[in-house]
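As structure tokens, the structure follows; a few thoughts come after it.
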Amino acid sequence: MALGGVAVFGTFGLLTMTIVVLSIIFMLGFGFLAAGSAFSDITKDLPDVDAAVERPAFKTATIYDRKGRMLYEIIDPQGGRRTIVKYDEMPVYLIEAVVGTEDPGFFTNPGYDLKAILRAFIQNIRGQDVISGASTITQQLVRNVLLSPEERYEQSYRRKIREAVLAYRLSQKYSKEEILQRYLNEVYFGNLAYGVEAAAQTYFNKHVGELTRAESAMIAGLIQSPNRYNPFSNPKAAKARQYEVLNLMVRHGFLDLETALKAQEESLRLESPKQEIQAPHFVVYVRDLLEKMYGSNQIYYGGLRVYTTLDLDLLSAAEKIAGQRVADLRQFNANNAALVAIDPKTAEVLVMMGSVDYWNKEIDGQVNMAIAERQPGSTLKPFTYLTAFEKKMAMPATIIKDEKTVFDGGRGQPPYVPRNHDNQFRGPVTVRRALGNSLNVPAVKMLQQIGVPALLDTVHRFGITSLNEPQRYGLSLTLGGGEVRLLDLVYAYTALANQGVQVGAPVPEAERQPGRSQLEPIVITKIVDSAGAVIFEQPTPERVRLASEQSTWLISDILSDDKAREGTYGPNSYLELSRPAAAKTGTTEHFEDSWTIGYTPNLVVGVWVGNADNTPMDNVFGARGAGFIWHGFMEKALQDEPVQWYERPPGLIRASVDAETGLRPAPDKKVVIDWFVEDALPKRWAAPNATPTPLLPVTTPTPVGAPTPVGAPTPVGAPTPIGAPSETVTEPVVPNLVGLPEEEARRQVTAASLNNTYANYQTAADVADKNFFNSIKPGHVLSQMPAPGTKIGRGSTVWLAVRKPS
């Protein structure tokens, strides 16, 4: 390749050609008479290209936690993390990667690209947006160093012409090596690294001259968008970008295909030197948000003071608890953990711990697992059942048959046969027991009923930003058959903690998508500029109702019911706190990921345990891995907070259903008593000695128009199908309950196809006849309404007055 100054044209000839082309543009744009004047006006105040070696003064930004403690001072781009290196200290393949990606004609062009200038002009006269693509390396350098911040981001052909003239002058005065050396020491590579030496240290903890070809290709790919291709927060995108760079090197003759393939296959080991920084994953996350809001220039020159939601004390507690637990789990090949905590009332992120040790290269500690996409195991099951509750297709007492079931896998796919974690089946189970014990088969059956699109709609509205390939997901979605971010999952659970209301900051208009959450969690509360003026202050968070208070209360009631999960987790598991709390675990099929997400009314915490490189753990389930950390952190974080739980909302009633069918109970049959939304009670009654039929079908749904199976319930509000068995019309008779123990009285009420309600516990002061009161034992029925022998409709309520136990 040619090195040094431009050799294709003489200086005079090239200058003449440039002026001619630019004059044509101006004649077209301004007319022949005005062209010369316009060109002169545009170029008259151009800076001296020698100023490219100087930079203006700057003021660094500082990031603080919620209590005003400094987390990090964003490094001075001139005297901070930038080490100047000479051209000959840079690997040839790094130079080739940058040139092949950013400007393949760099060594032969005059510093600018005439085609790009003409394209911008044509876009302008057509009324299109002017883009800045196809800028040469020389143009990028003069734009970043010589143009003012205002002009640097201006989208116009005027700016491109000024840029081109400066690039041409710079190319005439300096050699290609000098320009490239300056450029590679100037350009930003993300994560606070300016220049190739800083980039090599930041991502691989080595000098630039020690970079491999594969590492050089990854670094070269960062120039276009350091945030998008950040290998610490988005390793998949960084690897894909590296592949693009290697392809471009092959296309432009810098590399042969065989060498490119070898580089592509090389495993990249990310490693960064330690520096003074607290909450590093959170700081990098905030810094990326700041760049979106204000651009790099304001961050490095505006002297911003950025106040965030992070609680450094809680982060320290999370790091200590998680570190201790992971140390215990290393014998089971579990080496890392992440934790996110959000206040559901404000949507403020209190903790973002992306790994147990940011500086530990053995666990890829700098990869932020709080925002990495991973399979969530069973943590999506509550949203499956919530969707069913909202559609009134199920309630906590709904019966689902837990048995081996073969589902159609779809065209060209094998049948899908889910299994439970212990490979056991339990027969008819309630939704409460199925969700509490995290049974897989019932969850898949429920998803089959509501439909995969309905679940995707729910989780997207609740804040999940991934799961964007709907054609890819099947019934395994409810078991974690897709990838989500821990931060998103915790934010989705905040709406459960708020009884169906999501709180947050509005998603920026440009990023809003139909059917997705319009709110997002909050991490920045206030930004002050160098003069002390507040340039941003987080307004009062917005609130949006996503689900009914009744449905979300039912989910919280199940997830906080230690008895309901006892079959899987045993009594007093890690999910049981010293106060009421809801919790759900998740474990992927091959133990790559262990999750626990749980909440109280004032705190939502999610924990992930696993390995960043997807290496499986040895039988580390959600409760055993993430659950232990979740328990310890929740107890620590809430130790000084008052105990809170949810009051039962109106619109719920407690009723009994047949334990085998989920229908209204027949006499002398086993029943289940649970909460129902008032208008979601089953309409049909179980017949005595009838063959039990689960509420949900065992295999695929009945096609539209097909007869309803005998014994299956009629959906709420639906007419009784033709040919269905007739309902019993005999009215129940209220039994005599006075003097019976409360438990026996309630059993007889249920057996009579009637409903129980809460007992009125009375003392001697409540009963006029003291002799009668004393004749009834404590805990036994004093009186009832309706009276014994009364004929009333099925499902009617019987009220009991019980002598208060001593």
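The values are calculated or read from the model by the stated rules, or taken from the named source; none is laboratory data. All values reported here derive from a predicted model rather than from experimental measurement. With ideal geometry, Cβ positions are generated from the backbone for all residues, glycine too; neighbour counts draw on all protein chains shown. When the accessible area is computed, the model is the full protein with side chains, heavy atoms only, and any ligands, DNA or RNA have been set aside. Shrake-Rupley method; radii C 1.70, N 1.55, O 1.52, S 1.80 Å.
Hey, what does the equivalent ellipsoid look like for the stretch 510-608, semi-axes from the Cα gyration tensor as sqrt of 5 times each eigenvalue, largest first, whole Å?
Over the Cα atoms of the stretch 510-608, the semi-axes work out to 36, 17, 16 Å.
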Find the Cα radius of gyration of the stretch 327-417, compare it with 2.2 N^0.38 Å by division, and give the number to two decimals. 1.61
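Ignoring ligands, DNA and RNA, what accessible area per residue does the stretch 401-543 give at 1.4 Å, in Å²?
41
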Volume per residue, Å³, of the convex hull around the alpha-carbon atoms of the stretch 543-654? 143
Protein accessible area in the stretch 358-411, 1.4 Å probe - carbon and sulfur %: 40
Förster radius 30 Å - calculated FRET efficiency between LYS236 and GLU589 (Cβ-Cβ, nearest 0.05): 0.90
With the Cα gyration tensor of the stretch 275-378 giving a ≥ b ≥ c as the square roots of its eigenvalues, does the rule (a/c under 1.5 for rounded; else a/b larger than b/c for prolate; else oblate) give rounded, prolate or oblate? prolate
Of the listed links LYS239/LYS292; LYS391/LYS584; LYS236/LYS361; LYS239/LYS320; LYS67/LYS236; LYS361/LYS381, those spanning more than 26 angstrom between alpha carbons are LYS239/LYS320; LYS67/LYS236; LYS361/LYS381
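Got a number for carbon plus sulfur as a percent of the stretch 172-238's accessible area, 1.4 Å probe?
After summing per-atom areas, the C and S share lands at 46 percent.
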Using alpha-carbon pairs under 8 Å, 6+ residues apart, how would you state the relative contact order of the stretch 182-281 in percent? 25
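Under a 1.4 Å probe, what is the accessible area of the stretch 609-660 per residue, stated in Å²? Could the numbers behind the result be given before it?
Values: 2350 Å² over 52 residues.
Here the per-residue accessible area is 45 Å².
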Taking the inverse of the average 1/r across all pairs of different Cα atoms in the stretch 353-468, what Kirkwood radius in Å do you get? 16.2
Out of the stretch 251-359, which trypsin sites (Lys or Arg not before Pro) are coil in DSSP terms and have no more than 11 other C-beta atoms within 10 Å? LYS274
Per residue, how much accessible surface does the stretch 154-215 expose to a 1.4 Å probe? Answer in Å², no decimals. 28
Show me the trypsin sites (Lys or Arg not before Pro) within the stretch 419-494 that DSSP assigns to loop and that have at most 15 other Cβ atoms within 10 Å of their Cβ. ARG419
In a shell of Cβ-Cβ distance under 15 Å around THR405, excluding THR405 itself, what net charge do Lys and Arg (+1) and Asp and Glu (-1) give? +2
